[in-house]
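Visitor: Sharing a structure here in structure tokens format.
The values are calculated or read from the model by the stated rules, or taken from the named source; none is laboratory data. Bear in mind that the values here come from a model prediction, so they are computed numbers and not experimental data. A quick note on method: Cβ atoms are made from the backbone with ideal geometry, for glycine too, and the neighbour counts reach across all protein chains shown. Accessible surface is based on the protein model in full, side chains and every heavy atom, while ligands, DNA and RNA are left aside. Shrake-Rupley method; radii C 1.70, N 1.55, O 1.52, S 1.80 Å.
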Amino acid sequence: MAERKAAVKAAAEPDFLQFNDLACEGVGGKVIFATDEWFAPASNLLKKEQPQFIASAFTDFGKWMDGWETRRKRIPGHDWCIIELGVPGLIYGFDVDTSFFTGNHSPHVSIQAGCLDHPPRFTLEGDRIGMAASDTQLAAVARLGSEAWPELVSVSELKPGYSDCCHNYFKVNFNHRVTHVRLNMYPDGGIARLRVYGIGQRDWSSVSNQDVDLVALTNGGVCLGYSDAHFGHPRNMIGLGRADNMADGWETARRLDRPKKLKVDQQGILQVPGWEWAVFRLSRPGVIIRIEVDTNHFKGNFPDSCRIEACTLTPDEEAQCIRTKWSSGKWQVLLPPQKLRPHHRHHYSEADLTLSCPVTHVRLIIAPDGGVSRLRLACSPSPN
């Protein structure tokens with residue numbers, strides 16, 4: 001069988017974009033403090049959806065914007081907010097997206113991070129448009145000492161929100177667990193989205209003698225490579241709950257090497273020359289005992305079949321596989337080819353699996369193409 005080569009990434013697109021957005025509202029991220037939210041609330045920063053622009057939309061406070069926008073500052077200082085990550089973990093990079101803020105974007109930003117043992121009890125609720133932090137809120141947030149948190153991104157220029165330059169990427173080298181980030185705007189203005197790309201870090205001390213989904217993003221699973229993500233990134237498959245819609249899953253383009261007339265084997269599985277794949281690293285080694293492949297919402301574009309492979313890799317071996325775009329590896333069949341159904345949760349038990357040893361990585365392979373909304377791997381974690 002032949003596999004299609006992955007499309008060439010844009011030169012300016014960093015590798016950390018394949019990791020999970022630890023701050024997204026979809027995984028529980030929330031803004032707990034903002035100095036000012038006159039034109040648009042800071043909570044918009046964490047929306048899962050891409051920013052939009054509605055030319056005719058206005059509020060009582062000015063132009064409606066799909067992001068965080070503060071008033072034009074006329075007092076000393078600068079604007080800033082604090083975000084509680086939905087999934088605490090290691091941060092590898094940021095995307096400060098200024099989409100549609102073309103005459104009103106924040107000209108500079110910096111980002112700091114902290115790891116709080118006891119999360120603050122305060123938060124922001126309700127419609128925040130037209131509001132600013134109260135004296136009580138300022139006093140409460142001052143107790144966090146966030147101005148002294150380590151700086152992950154030093155003061156940096158932002159480009160305006162035109163489509164060819166709105167994504168401001170910042171790579172991070174910070175090997176400490178983070179629970180909160182502080183986004184500083186200098187001095188004021190607007191930002192559409194903040195994406196905090198990283199890998200979750202769970203406290204495993206409370207987990208004993210129970211099955212755990214070791215590929216889930218909340219537990220530290222992460223996507224490390226894929227063949228195609230034309231309509232949806234494979235990292236979506238390890239998100240929380242069931243998918244909201246097709247955009248909340250992994251969906252590839254239609255393969256162009258499909259036979260002009262399709263045929264099936266004795267199992268009813270299409271005989272096609274190519275496939276698509278996605279590789280995940282488990283949060284820790286474990287024995288996989290149950291699998292769920294969910295094609296929720298994919299009704300006319302589900303894969304015909306899937307199979308799953310697994311292996312155990314050292315960090316050096318993983319790095320080599322990443323360098324070679326996963327063209328090599330020590331893959332073994334975990335789940336033999338299975339016929340799939342549309343809009344359906346497919347469950348596979350230990351009796352369906354062919355491996356009973358601990359593994360560190362899995363590769364989901366679909367044929368010939370299509371969409372999968374969720375992948376769940378119930379595992380027995382290996383002792384440290």
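Residues checked against (1) surrounded by fewer than 24 Cβ atoms within 10 Å (Cβ to Cβ); (2) polar (S, T, N, Q); (3) closer than 17 Å to Gly93 by Cα; (4) at pLDDT 95 or above:
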residue	(1), (2), (3), (4)
Gly189	no, no, no, yes
Val207	yes, no, no, no
Asp211	yes, no, no, no
Ala243	yes, no, no, yes
Met246	yes, no, no, yes
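Visitor: Can you name every residue in the stretch 355-377 that is open to solvent by 10 Å² or more (accessible area, probe 1.4 Å) and of a type in the set (Lys, Arg)?
Guide: Within the stretch 355-377, Arg363, Arg376 meet the criteria.
Visitor: Could you tell me whether Phe174 is open to solvent by 50 Å² or more (accessible area, probe 1.4 Å), of a type in the set (Phe, Trp, Tyr), more than 24 Å from Ala40 (Cβ to Cβ) and modelled with pLDDT of 95 or more?
Guide: Taking the combined requirement at face value, the residue does not satisfy it.
Visitor: Does Asp304 satisfy the criteria of being closer than 23 Å to Cys379 by Cβ and in contact (Cβ under 8 Å) with a residue 24 or more places away in the chain?
Guide: no
Visitor: For the list (1) open to solvent by 30 Å² or more (accessible area, probe 1.4 Å); (2) touching a helix residue (DSSP H, G or I) at 6+ places or on another chain (Cβ under 6 Å), I need the number of the one condition that Val333 fails.
Guide: Only one criterion is unmet by Val333, namely (2).
Visitor: Quick check: anything in the stretch 217-231 touching a strand residue (DSSP E or B) at 6+ places or on another chain (Cβ under 6 Å), aromatic (Phe, Trp, Tyr), crowded, with 22+ Cβ neighbours inside 10 Å and in the same structural domain as Cys306 (by the TED database)?
Guide: For the stretch 217-231, residues touching a strand residue (DSSP E or B) at 6+ places or on another chain (Cβ under 6 Å), aromatic (Phe, Trp, Tyr), crowded, with 22+ Cβ neighbours inside 10 Å and in the same structural domain as Cys306 (by the TED database): present.
Visitor: Applying the selection to the stretch 96-115, what residues are open to solvent by 10 Å² or more (accessible area, probe 1.4 Å) and under 16 Å from Lys47 (Cβ atoms)?
Guide: If the condition is that a residue be open to solvent by 10 Å² or more (accessible area, probe 1.4 Å) and under 16 Å from Lys47 (Cβ atoms), then Ser99, Phe100 are the ones that fit.
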